[in-house]
Each structure stands twice: as C-alpha cells, then as structure tokens.
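Here's the structure, in structure tokens; my notes come after.
The values are calculated or read from the model by the stated rules, or taken from the named source; none is laboratory data. Please read all numbers here as calculations on a predicted model, not as lab measurements. Heads up, the Cβs are rebuilt from the backbone with ideal geometry, glycines too, and the neighbour counts pull from every protein chain shown. Ligands, DNA and RNA are excluded from the accessible area calculation, which covers all protein heavy atoms including side chains. Shrake-Rupley method; radii C 1.70, N 1.55, O 1.52, S 1.80 Å.
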Amino acid sequence: MKIAEGCSHRCTYCTIPAIRGPYQSRSPGSIVAEVKNLAALGVKEVNLIAQDTTRYGFKSTYAVNITGLLKKLVRISDIKWIRLSIAIRLR
C-alpha cells in the first residue's frame, strides 16, 4: 500500500522528483480506512511503501509521522503483519 508519492531529494542520478513531483504523504485517515477495508476482506498482511517511507508525515499538515501511523495500524486486530519497504539514502 502506497503511503506517499514523489520525492523531494534531488539526487543527480534519479528522475523520480521530475516524474512524480515532490514528496507528499497520504493522510493517515485514508491509510487506516484502506487497511480496515482490506482487513474486512480477509487480508492479514499489508506492505507500506513509498520512495522514502521514513519521511512519512514530514512537513505535512498531519500530526503523525511513520511511528504514529504504525501505532494507528497495529490497532486493527485482523491485520497480523505490517511490513515496511525502506530504502536508505546515503550521502
């Protein structure tokens, strides 16, 4: 499940910022609602993905970062596994 779109880093080798625009987090409410819907359909595992997963919520109007989002998602009892796709940007 995509939790954000785009990227605000301007690495010389990467075209994601030009193609997808700056980093934008999805609202925590929309993510929680989607996970609840998936759980109701019998889904037991969700994979959270973004170009920079750890940046979730950074400089957004949402008062939730990746830790806060995970705290909301673990309350959904039918979901047994939450996986994070994390890429580390080295400079």
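Taken over the chain, the ratio of Cα radius of gyration to 2.2 N^0.38 Å equals 1.14. Its Cα centre serving as origin, the chain has a Cβ charge dipole (Lys and Arg +1, Asp and Glu -1) of approximately 200 debye.
Based on C-alpha pairs under 8 angstrom that are at least 6 apart in sequence, the chain has a relative contact order of 32 percent.
Calculated accessible area for the chain comes out at 66 Å² per residue, all protein chains present (probe 1.4 Å; ligands, DNA, RNA ignored). Atom-type composition of the exposed protein surface of the chain places 55 percent of the accessible area on carbon and sulfur (1.4 angstrom probe). What is the local net charge at K80, summed over the other residues whose Cβ is closer than 14 Å to its Cβ (Lys, Arg +1; Asp, Glu -1)? Neighbourhood net charge equals +1.
Other residues with beta-carbon under 14 Å from the beta-carbon of K44 carry, at +1 per Lys or Arg and -1 per Asp or Glu, a net charge of +1. Counted over the range 36-76 with a bin width of 5 Å, the fraction of Cα pairs per bin, in whole percents, is 5, 20, 26, 22, 17, 8, 1.
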